[in-house]
């Protein structure tokens, strides 16, 4: 059974970052590189594109880091049995080699959930982490198989991009660009993005962006002592009054009222 020892989501380092492991990482290491990077494995050098996965053996000499710009990755150290290794290999997942997947927003969203559960003390958190890990490797296997057999159609690629976009909206509510920028990133017009998004999810991009910010705002109101103005900024609002107006429109309460009523148990998150 695969067991995670430590995990990190969306870790960002400067342009000088380098991690050298001449004796190996010490445990199995999973890396999801979300920026271009440089990697050396057992003397072999790789120029790594964003969207590349590595699974490294505990004793494989390796060195990785920035290629001159900021470096961003998701990662976890883990242990597994010989039978687990065989299972991964039978799934077509390479070990000690780069596995380029391209669009990895969905995988990164899974790792975010794994991270939350790993550091949680709630019941069943270990079982949930294990389930997410199983899903993660199966999704990687499916992506590898699709690429090797050229099964990915434009429609499938577009659907994956939309799912990745929606995950990003709910994972990064405070740092989202405009709809125009999102459309440009997907290579479609604003109206094209709205049409595709509504068809896929039954709601608009704007509505999801607002909802994600409201969910994040509620979490901050209940879990921090931050000022409303600070929460507005963290949720991506340049104007505190715009945030307050939107919050009341969605909840029927001002942020301060919501926090006070939640504190005495009158409402639940």
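Just to check your reading of the model, which residue among 103, 167 is in the same structural domain as residue 187 (by TED's automatic domain parsing), within 20 Å of residue 50 (Cβ to Cβ) and modelled with pLDDT under 90?
The match here is 167.
Starting from region 70-83, keep only residues that are over 21 Å from residue 1 (Cβ atoms), then list their pairs with residues that are assigned to a helix (DSSP H, G or I) whose Cβ atoms are within a distance under 7 Å, requiring at least 6 positions of separation or different chains.
Going by the 7 Å Cβ cut-off, the qualifying pairs are 74/108; 74/111.
Yes/no matrix, rows are residues, columns are (1) buried (at least 19 other Cβ atoms within 10 Å of the Cβ); (2) more than 19 Å from the chain's Cα centre (by Cα):
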| residue | (1), (2) |
| --- | --- |
| 12 | no, no |
| 24 | no, yes |
| 45 | no, yes |
| 55 | yes, no |
| 76 | yes, no |
| 79 | no, yes |
| 87 | no, yes |
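Kindly evaluate residue 102 against the criterion of being in contact (Cβ under 8 Å) with a residue 24 or more places away in the chain, touching a strand residue (DSSP E or B) at 6+ places or on another chain (Cβ under 7 Å), closer than 28 Å to residue 161 by Cβ and surrounded by fewer than 18 Cβ atoms within 10 Å (Cβ to Cβ).
no
Report yes if residue 60 is outside the structural domain of residue 170 (by TED's automatic domain parsing) and in contact with a helix residue (DSSP H, G or I) (Cβ under 6 Å, 6 or more places away or on another chain), otherwise no.
Here the answer is no, as residue 60 does not meet what is asked.
So which residues in region 63-77 are part of a loop (DSSP other than H, G, I, E, B) and either touching a helix residue (DSSP H, G or I) at 6+ places or on another chain (Cβ under 8 Å) or within 19 Å of residue 100 (Cα to Cα) (or both), if there are any at all?
Hit for region 63-77 is 67, nothing else.
Please give the number of the condition residue 36 fails out of (1) in contact with a strand residue (DSSP E or B) (Cβ under 9 Å, 6 or more places away or on another chain); (2) in contact (Cβ under 8 Å) with a residue 40 or more places away in the chain; (3) closer than 30 Å to residue 169 by Cβ.
Only one criterion is unmet by residue 36, namely (2).
When you go through 117, 126 one by one, which is the residue that is more than 19 Å from the chain's Cα centre (by Cα) and either outside any loop (DSSP other than H, G, I, E, B) or surrounded by 18 or more Cβ atoms within 10 Å (Cβ to Cβ) (or both)?
After ruling out the rest, the residue left standing is 126.
The values are calculated or read from the model by the stated rules, or taken from the named source; none is laboratory data. Worth saying up front: this structure is predicted, and the values here are computed from it rather than measured. All Cβ positions, glycine included, derive from the backbone under ideal geometry; neighbour counts span all protein chains shown.
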